[in-house]
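Colleague: One structure coming up, written as structure tokens, with questions to follow.
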Amino acid sequence: MNIIWFLLIGLIAGWLAGTLVKGSGFGILGDIIVGIIGALVGGFIFGALGVSAGGLLGSIVVATVGAIVFIFLLRLLRRA
């Protein structure tokens with residue numbers, strides 16, 4: 001059951017990040033991948049800053065922030 005929540009949070013976070021950054025999502029699979037990588041990046045960033053976010057909403061916020069950072073990093077690498 002935890003994997004389903006993990007994928008659902010990844011889907012929501014990836015879709016939110018795609019909507020906020022480029023105006024639309026990346027498709028279901030793309031949103032899940034961006035959201036999962038974003039959750040890892042966001043967890044690292046929030047942990048380094050000493051900020052904790054709990055619960056479902058906190059997980060979505062952390063994953064979304066991480067996904068936005070991940071998308072910006074991809075764009076920087078693509079331009080280089």
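Colleague: Look at Ala48 and say whether it is in contact with a helix residue (DSSP H, G or I) (Cβ under 8 Å, 6 or more places away or on another chain), surrounded by fewer than 16 Cβ atoms within 10 Å (Cβ to Cβ) and either among the aliphatic types (A, V, I, L, M) or part of a loop (DSSP other than H, G, I, E, B) (or both). Show your work before the answer.
Modeller: Details: in contact with a helix residue (DSSP H, G or I) (Cβ under 8 Å, 6 or more places away or on another chain): no; surrounded by fewer than 16 Cβ atoms within 10 Å (Cβ to Cβ): yes; either among the aliphatic types (A, V, I, L, M) or part of a loop (DSSP other than H, G, I, E, B) (or both): yes.
For Ala48, the condition - in contact with a helix residue (DSSP H, G or I) (Cβ under 8 Å, 6 or more places away or on another chain), surrounded by fewer than 16 Cβ atoms within 10 Å (Cβ to Cβ) and either among the aliphatic types (A, V, I, L, M) or part of a loop (DSSP other than H, G, I, E, B) (or both) - is not met.
Colleague: Those residues that are surrounded by 13 or more Cβ atoms within 10 Å (Cβ to Cβ) and more than 14 Å from Lys22 (Cα to Cα), I need them from the stretch 54-80; list them, please.
Modeller: Within the stretch 54-80, Gly58, Ser59, Ile60, Val61, Val62, Ala63, Val65, Gly66 qualify.
Colleague: For the stretch 51-67, how many residues meet the condition of being part of a helix (DSSP H, G or I) and more than 17 Å from Asn2 (Cα to Cα)? Give the derivation first.
Modeller: Residues of the stretch 51-67 that are part of a helix (DSSP H, G or I), as a first pass: 55-67.
With more than 17 Å from Asn2 (Cα to Cα) added as a condition, the list becomes 61-62, 64-67.
Qualifying residue count for the region: 6.
Colleague: Would the stretch 6-19 turn up any residue that is in contact with a helix residue (DSSP H, G or I) (Cβ under 7 Å, 6 or more places away or on another chain) and surrounded by fewer than 17 Cβ atoms within 10 Å (Cβ to Cβ)? If you could, list the steps in order and put the result at the bottom.
Modeller: Step one: list which residues in the stretch 6-19 are in contact with a helix residue (DSSP H, G or I) (Cβ under 7 Å, 6 or more places away or on another chain), which gives 7, 9-18.
When the remaining residues are screened for being surrounded by fewer than 17 Cβ atoms within 10 Å (Cβ to Cβ), the result is 7.
Yes, the conditions are met somewhere in the stretch 6-19.
Colleague: Would it be correct to say that Leu77 is modelled with pLDDT under 90, out of contact with any helix residue (DSSP H, G or I) (no Cβ under 9 Å at 6 or more places or on another chain) and aliphatic (A, V, I, L, M)?
Modeller: Against the criterion (modelled with pLDDT under 90, out of contact with any helix residue (DSSP H, G or I) (no Cβ under 9 Å at 6 or more places or on another chain) and aliphatic (A, V, I, L, M)), Leu77 qualifies.
Colleague: Same structure again: Checking the conditions here, which among Gly55, Gly27 is farther than 15 Å from Leu11 by Cα and without any contact (Cβ under 8 Å) to a residue 24 or more places away in the chain?
Modeller: Details: Gly27 fails: farther than 15 Å from Leu11 by Cα.
Exactly one residue qualifies, and that residue is Gly55.
Colleague: Can you find a residue in the stretch 30-42 that is of a type outside the set (Val, Ile, Thr), over 14 Å from Phe6 (Cα atoms) and over 8 Å from the mean Cα position of the chain (by Cα)?
Modeller: Yes: the stretch 30-42 contains one or more residues that are of a type outside the set (Val, Ile, Thr), over 14 Å from Phe6 (Cα atoms) and over 8 Å from the mean Cα position of the chain (by Cα).
The values are calculated or read from the model by the stated rules, or taken from the named source; none is laboratory data. A quick note: this is a predicted structure, and the numbers were derived from the prediction, not measured. Methodologically, a virtual Cβ is constructed for each residue, glycine included, from the backbone with ideal geometry; neighbour enumeration extends over all protein chains shown.
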